[in-house]
1. Among the residues that make up the stretch B:58-71, is at least one of them within 13 Å of another protein chain (Cβ to nearest Cβ) and in contact with a Pro (Cβ under 9 Å, 6 or more places away or on another chain)?
2. List pairs: first residue in the stretch A:37-66 and facing chain B (nearest Cβ under 10 Å) and more than 25 Å from A:Val83 (Cβ to Cβ), second residue outside any strand (DSSP E or B) and acidic (Asp, Glu) anywhere in the structure, Cβ distance under 8 angstrom, at least six positions apart or on different chains.
3. Could you count how many residues in the stretch A:66-91 are surrounded by fewer than 17 Cβ atoms within 10 Å (Cβ to Cβ) and farther than 25 Å from A:Gly16 by Cβ?
4. Return the only residue of B:Leu90, B:Leu81 being touching a residue at least 40 places away in the same chain (Cβ under 8 Å), outside any loop (DSSP other than H, G, I, E, B) and open to solvent by less than 10 Å² (accessible area, probe 1.4 Å).
5. Only one of (1) charged (D, E, K, R); (2) farther than 30 Å from B:Glu52 by Cβ; (3) touching a strand residue (DSSP E or B) at 6+ places or on another chain (Cβ under 7 Å) fails for A:Lys49. Which number is that?
6. Is the stretch A:88-102 home to any residue that is in contact (Cβ under 8 Å) with a residue 24 or more places away in the chain and more than 15 Å from A:Lys49 (Cβ to Cβ)?
7. Is there a residue being polar (S, T, N, Q) and either facing chain A (nearest Cβ under 8 Å) or in contact with a helix residue (DSSP H, G or I) (Cβ under 9 Å, 6 or more places away or on another chain) (or both) anywhere in the stretch B:92-101?
8. For residues that are open to solvent by 40 Å² or more (accessible area, probe 1.4 Å) and within 15 Å of the chain's Cα centre (by Cα), tally how many sit in the stretch A:47-63.
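The values are calculated or read from the model by the stated rules, or taken from the named source; none is laboratory data. These numbers were taken from a predicted model, which means no experiment stands behind them. In this analysis, Cβ positions are derived from the backbone assuming ideal geometry, glycine residues included, and neighbour counts consider all displayed protein chains. Ligands, DNA and RNA are excluded from the accessible area calculation, which covers all protein heavy atoms including side chains. Shrake-Rupley method; radii C 1.70, N 1.55, O 1.52, S 1.80 Å.
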Amino acid sequence: AQSVAQPEDQVNVAEGNPLTVKCTYSVSGNPYLFWYVQYPNRGLQFLLKYITGDNLVKGSYGFEAEFNKSQTSFHLKKPSALVSDSALYFCAVREGAGNNRKLIWGLGTSLAVNP
Amino acid sequence: DTEVTQTPKHLVMGMTNKKSLKCEQHMGHRAMYWYKQKAKKPPELMFVYSYEKLSINESVPSRFSPECPNSSLLNLHLHALQPEDSALYLCASSQLGSPYEQYFGPGTRLTVT
């Protein structure tokens, strides 16, 4: 079975500093990996995905993620954090085939960007 | 239009009530999803519809009954819920085939009294 782990419940970073939110995965076959963000009292928003190709994936709002096959990681990064980036971040991996595809979610990492 | 809409935004219901949650998308997506989410937790998949047919039911209690009247609409009928069913209910949609991302609605905040 596919799984993802987010080893940090909470990440704190100062505004203007680079941020990293960590995700590791365990899959059989090719990994299809996603990052989503959830702002308070809102639905989830897609940030970016890795399917194949370049290991550095660029996404929405200036975020990017680095796929590392040897370390089975897919960490989310941003060069300069904004207070408005404070939110709950979820990593997910696709499982299944055909019409039975679904996402397996990490437990989430709460990011707090301090002014 | 990349929007998924959900109504109502908030719902308070007693344990003997019957209510419905509604979801709509006009992106031409042929997969639609219902999730339940507790505070600060990941969403839990409940149901998946593919081409308007139920393709995944994650062993959800029968007091939750999904319906997909057409390719743009998804309903979740609620009956005889328990207080522990109080949560944010999220609808999502996606294209089928390759690992396409899911687009989420803002959710319905359900409170069962």
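1. no
2. Pairs found: A:Lys49/B:Glu101.
3. Residues in the stretch A:66-91 being surrounded by fewer than 17 Cβ atoms within 10 Å (Cβ to Cβ) and farther than 25 Å from A:Gly16 by Cβ: 5 in total.
4. Numbers: B:Leu81 fails: outside any loop (DSSP other than H, G, I, E, B).
One residue alone meets the criteria, B:Leu90.
5. It fails just one condition, (2).
6. First, pick out the residues of the stretch A:88-102 that are in contact (Cβ under 8 Å) with a residue 24 or more places away in the chain: A:88-95.
Those left that are additionally more than 15 Å from A:Lys49 (Cβ to Cβ): A:88.
The answer is yes; a qualifying residue exists.
7. Quick first cut of the stretch B:92-101, residues polar (S, T, N, Q) only: B:93-95, B:98.
Retained after the next criterion (residues that are either facing chain A (nearest Cβ under 8 Å) or in contact with a helix residue (DSSP H, G or I) (Cβ under 9 Å, 6 or more places away or on another chain) (or both)): B:98.
Yes - at least one qualifying residue is present in the stretch B:92-101.
8. In the first step, residues of the stretch A:47-63 are kept if they are open to solvent by 40 Å² or more (accessible area, probe 1.4 Å); the result is A:49, A:51-56, A:58, A:60-62.
Subsequent filtering for residues that are within 15 Å of the chain's Cα centre (by Cα) retains A:49, A:51, A:55-56, A:58, A:60-62.
Looking only at that region, the number is 8.
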